[in-house]
């Protein structure tokens with residue numbers, strides 16, 4: 001019963017929007033060029049899937065996103081933990097991170113293309129940078145939120161800096177770090193698709209861009225729903241991984 005209630009709570013807004021979409025398209029209140037009926041979008045998605053074009057676009061996007069996410073998140077977590085454990089590291093990295101946070105990431109793409117060429121390296125670098133910033137701040141906040149009493153207790157039992165880091169700081173910071181990893185996954189997907197849009201690369205972003213150029217709004221909606229579906233799947237996957245890795249974290 002509780003599970004049914006949770007499903008109903010999570011689905012009533014999408015179902016309401018879907019009903020509104022059907023109503024607007026069947027009544028003719030909106031030009032089909034701008035808002036195609038759901039059946040037309042479904043047929044176009046099925047056609048792209050049967051041709052393998054949709055899978056190829058998803059694969060292209062996920063490869064770049066996964067590489068950038070892995071590199072950026074790994075480096076960000078390490079940097080955040082180091083900043084939380086060392087005042088020197090924090091003072092050294094804080095100005096750089098603050099400057100990068102205030103910089104629109106897409107504005108760096110022309111410079112990265114000039115330095116790294118026109119391949120996947122500039123896209124991967126932007127995705128990695130985005131994930132690095134998100135996870136570094138999450139890890140820093142996680143360490144700063146740990147009670148100093150835990151650290152003092154470990155010191156009283158003779159723990160050194162490395163033991164305090166591995167046995168106290170890192171485990172206590174895991175719940176907040178996983179929150180940062182979930183946020184970074186969404187940002188990584190959004191950045192990958194955004195770079196594909198502005199650079200004309202293949203992928204989900206490229207699919208959306210070509211659809212917009214050709215006024216194929218049914219294909220445009222397929223691309224948008226694909227991006228939203230990928231984001232939802234990534235979120236659910238990381239939530240499940242979090243429950244396995246941090247079983248002591250109470251469900252909010």
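Tabulated results
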{"quantity": "Within region 224-249, tally of residues that are without any contact (Cβ under 8 Å) to a residue 40 or more places away in the chain and either part of a loop (DSSP other than H, G, I, E, B) or under 30 Å from residue 31 (Cα atoms) (or both)", "calculated": "7"}
{"quantity": "Residue among 197, 207, 162 that is crowded, with 16+ Cβ neighbours inside 10 Å, in a helix (DSSP H, G or I) and either in contact (Cβ under 8 Å) with a residue 24 or more places away in the chain or more than 17 Å from the chain's Cα centre (by Cα) (or both)", "calculated": "207"}
{"quantity": "Region 139-159, residues that are over 32 Å from the mean Cα position of the chain (by Cα) and not in a helix (DSSP H, G or I)", "calculated": "157, 158, 159"}
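None of the figures in this text is laboratory data; all of them are computed from the coordinates on show. Quick caveat, the model's predicted, so the values are computed rather than measured. Note that we place each Cβ from the backbone using ideal geometry, even for glycine, and neighbour counts take in every protein chain shown.
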